[in-house]
Amino acid sequence: MPGDPGHRFEYLVITARPGEHRSVARAAVREHSEYGKWELVRTCLYEGGGQKYWMRRRIMRVKPTLDIRA
């Protein structure tokens, strides 16, 4: 379920300016997805030539297995 606390995501936005080559932005997206476990959700190309890439990854919550109370 999307509303379930276990299915929350954190987001990352990568912005490419109009004068930059697409290969630079593509390399940044590829690096984040390969090593940071991000997935590409959305891309947007603006009139001036700028681009934005929205990436997300699931937040993993660790539940304690030991009950240590002093």
Do we find a residue being modelled with pLDDT of 90 or more, acidic (Asp, Glu), open to solvent by 70 Å² or more (accessible area, probe 1.4 Å) and in contact with a helix residue (DSSP H, G or I) (Cβ under 8 Å, 6 or more places away or on another chain) anywhere in segment 30-37? no
Every residue in segment 13-29 that is in a loop (DSSP other than H, G, I, E, B) and either surrounded by 11 or more Cβ atoms within 10 Å (Cβ to Cβ) or in contact with a strand residue (DSSP E or B) (Cβ under 8 Å, 6 or more places away or on another chain) (or both), please. ARG17, GLU20
Can you tell me how many residues in segment 54-70 are exposed (fewer than 10 other Cβ atoms within 10 Å of the Cβ) and of a type in the set (Lys, Arg)? 3
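The values are calculated or read from the model by the stated rules, or taken from the named source; none is laboratory data. Keep in mind that this is a model prediction, so the values were computed, not measured. Don't worry about glycine lacking a Cβ; one is built from the backbone with ideal geometry, like all the others, and counts go over all protein chains shown. To get the accessible areas, we keep the full protein, side chains included, count just its heavy atoms, and leave off ligands, DNA and RNA. Shrake-Rupley method; radii C 1.70, N 1.55, O 1.52, S 1.80 Å.
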